[in-house]
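Here's the structure we're looking at; comments come further down.
FYI, it's all coordinate maths here, none of it is from the lab. Because the structure is predicted, anything quoted here is derived from the model rather than measured. We place every Cβ from the backbone using ideal geometry, glycine too, and count neighbours over all the protein chains shown.
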Amino acid sequence: MEKELNLYGPAPTEEPERQYYFIEVCKKQVEEESKRLGRPLTFCVTTFGCQMNARDSEKLTGILEQIGYQPTEEENADFVIYNTCTVRENANLKVYGHLGLLKHRKKENPHMKIALCGCMMQEPEVVKKLKESYRFVDLVFGTHNIFKFAELLAESMESGGMIVDIWKDTQEIVEELPIERKYAFKSGVNIMFGCNNFCSYCIVPYVRGRERSRKPEDIIREIEKLAADGVSEIMLLGQNVNSYGKNLDDPITFAELLRRVEQIEGIRRIRFMTSHPKDLSDELIQVMKESKKICRHLHLPVQSGSSRILKAMNRKYTKEQYLALAEKIRREIPDISLTTDIIVGFPGETDEDFAETLDVVRKVRYDNAYTFIYSKRTGTPAAAMENQVAPEDNKRRFDQLLALVQSLAKEQTARFAGTVQEVLVEEVNDHKEGYVTGRMSNNLLVHFPGDASLIGQYRNVRLEECKGFYYMGTVV
Ligand code: SAH
Ligand code: SF4
Ligand code: F3S
């Protein structure tokens, strides 16, 4: 690195200035390499996992574009980066599968670079395996030091070998780095990082670290900037947004944050993810009820309907408490859509426990539910529990649950037929020519005649035909 250091002076020690310095260092390298090859260098960011990872990928993209890489499909990319997830075993297997393909591609294109980051890299066994059997990977970093991406990339350009930098945890929140949004008109906004809940099946607290809230001023400033840049819909992101702000020097509730976000001009829709039922306050329900901007959708993961299993999961609520909460929300905000996450086959789950889950699904009548078969995650308390459920029982329960969830979701979706809803147009419909797709406040999609000029705009649409989980409509 010494040469570059001379070119630009010593690297600043403060963040984010330090990263802007390394962006310049990388830019120079990319320029030289492009000149040599007589073509631009290209990149592809592939995201696995949740909205938080998707937002992180926008940060990676922002930096890569600033450096001078141009976006492309993975097959043609000079720089390929996977932002990984490890919440379930499947997510890991996918990454190894992809790496197998990349190995061959790299043989044909020797100046190709491969980087891996995200939650899976926070697991020591994964990094060990990569170091042993995947030496063709150039750069490996984790969730806590993603802000250092430009610096690590500069190091990697210089080194030629495999660079691995994983932090165990961090207190740092680095703001104000470049970000390239996937959509011009909507954006995720991190309000907190990490998780302190330690649900016994879940690996997220281990790979994302302890809960850290961003200061409300920083969040507001980011949203104001987004609004000025044409964003009208935002989604506030955190593993448990209901505990936002509790550990700040000047504590503030999530409901109060929402009140402040509501004041921001130019923002028309506010969403948030995810709400833990144990921390959902009456104040929040009140704010949602009074708000003109908070969307009529609440994702409220139940995980199981059995109080016994919920206790073993360390969820800190019972079936009865959850049902009472769902009922209160429906009473206060009647047009709200409720969605949830459900795990089937947590260790020790019996047919009776599972019947309780079905009962909750019937009672709450979710608009949608994401169902998962329990996946054993090394290092979590549940992985050490003895009575793991047999795969054939899991499969049977999963199929039964899915059938119920889908039939109820269809009925729930149909309840809006004939109404006029305001939608935000998101994209041109790939399947039906001359149609666009818009999202309603309650998160349902509607397809209706229109063209690309409508993208990012709001229209009132009559919901004419319910097609199960979405609608066909026309602009009124
Ligand atoms: N913080 C969010 C969830 C993040 S993970 C919350 O508490 O609601 C998203 C979903 O993945 C979880 O809600 C859960 O349903 C599922 N999940 C997490 N760990 C899992 C595991 N080990 N096996 C199967 N599903 C899991
Ligand atoms: Fe995982 Fe529970 Fe934290 Fe959600 S709240 S991320 S399920 S530990
Ligand atoms: Fe996966 Fe990490 Fe999100 S493990 S679900 S990408 S926080």
If the cut-off is 20 Å between C-alpha atoms, which lysines fall inside it for residue 103, apart from same-chain ones fewer than 8 positions away? 94, 113, 128, 129, 131
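First select every other residue whose beta carbon is under 11 angstrom from the beta carbon of residue 179; then total the charges, Lys and Arg +1, Asp and Glu -1.
-3
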Using a Cα-Cα cut-off of under 16 Å, which aspartates and glutamates could be cross-linked to residue 107, ignoring same-chain neighbours fewer than 8 residues away? 74, 75, 78, 138
Which number comes out as Rg/Rh for region 387-476 once both Rg and the Kirkwood Rh are worked out on C-alpha atoms? 1.18
Net charge over other residues, Cβ less than 12 angstrom from the Cβ of residue 317 (K, R count +1; D, E count -1): +3
Hey, if you put +1 on the Cβ of every Lys and Arg and -1 on every Asp and Glu Cβ in region 53-121, which of 96, 53, 109 ends up farthest toward the positive end of that dipole? 96
Using packing as a proxy for protection, rank 356-367, 87-98 so that the peptide with the highest average count of other Cβ atoms within 10 Å comes first. 356-367, 87-98
Distant-in-sequence amide H partners of residue 190 (H built 1.01 Å from N, under 5 Å): 237
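Which percent, nearest 5, of DSSP beta bridges in the chain are antiparallel?
Numbers: 22 of 64 bridges.
Percentage antiparallel, nearest 5: 35.
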Using 0.36 nm per residue of separation minus the Cα-Cα distance, give me the extension gain between residue 460 and residue 125 in nm, one decimal. 115.4 nm
Take a quick pass over region 298-428 and tell me how many lysine pairs come in under 28 angstrom between Cα atoms, counting only ones 8 or more apart or on separate chains. 20
How long are the three semi-axes of the equivalent ellipsoid for region 1-153, computed from the Cα gyration tensor as the root of 5 times each eigenvalue, in whole Å, largest first? 25, 19, 14
What does the charge dipole of the chain about its Cα centre add up to, to the nearest 20 debye, if the Cβ of each Lys and Arg holds +1 and the Cβ of each Asp and Glu holds -1? 940
What fraction, in whole percent, of alpha-carbon pairs in the chain exceed 34 Å separation? 40
How far, in degrees from 0 to 90, does helix 51-67 lean away from the longest principal axis of the Cα atoms of the chain, to the nearest 10? 30
Please express the shape of region 102-161 as an equivalent ellipsoid: the semi-axes are the square roots of 5 times the eigenvalues of the C-alpha gyration tensor, given largest first in whole angstrom. 19, 16, 9
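Are there trypsin sites (Lys or Arg not before Pro) in region 220-309 that DSSP marks as loop and that have at most 12 other Cβ atoms within 10 Å, and which are they? All intermediate terms of the calculation are to be shown ahead of the outcome.
Values: sites: 221, 225, 246, 259, 260, 268, 269, 271, 278, 289, 292, 293, 296, 308; in loops: 246, 268, 292, 293, 296.
Of the trypsin sites (Lys or Arg not before Pro), the ones in loops of region 220-309 whose Cβ has at most 12 other Cβ atoms within 10 Å are 292.
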In 5 Å bins starting at 0, how do the alpha-carbon pair distances of region 104-222 split up by percent? 2, 9, 16, 18, 18, 15, 12, 6, 3, 0
Select from region 161-226 those chymotrypsin sites (Phe, Trp or Tyr not before Pro) which occupy a DSSP coil region and have at most 16 other Cβ atoms within 10 Å, ordered by residue number. 167, 183, 198
Rounded to whole Hz, the Karplus (6.51, -1.76, 1.60) HN-Hα couplings of region 17-34, x for glycine and proline: 3, 4, 6, 4, 4, 6, 4, 5, 4, 5, 4, 4, 4, 5, 4, 5, 5, 4
Measure nothing but the geometry: give the 0 to 90° angle between the long axis through the Cα atoms of 391-414 and the longest principal axis through the Cα atoms of the chain, rounded to 10°. 70
Given region 12-101, what whole percent of its Cα pairs are spread farther than 23 Å? 35
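Charges only on Cβ, +1 for Lys and Arg, -1 for Asp and Glu: so what's the dipole of region 328-469 about the Cα centre, in debye to the nearest 20? Intermediate values should be presented prior to the final figure.
On the way: 18 positive and 23 negative charges, 64 e Å.
The dipole magnitude comes to about 300 debye.
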With only helices counted (DSSP H, runs n ≥ 4, each -39500 (n - 2.57)), the per-residue ellipticity at 222 nm for the chain, to the nearest 500, works out to -12000 deg cm²/dmol
Would you grab the residues whose amide H sits under 5 Å from the one on residue 70? Only those 5+ places off in sequence or on another chain, please, with H modelled 1.01 Å from N. 41, 42, 43
Within region 384-434, GluC sites (Glu not before Pro) in DSSP loop having at most 13 other beta-carbon neighbours inside 10 Å: 386, 433
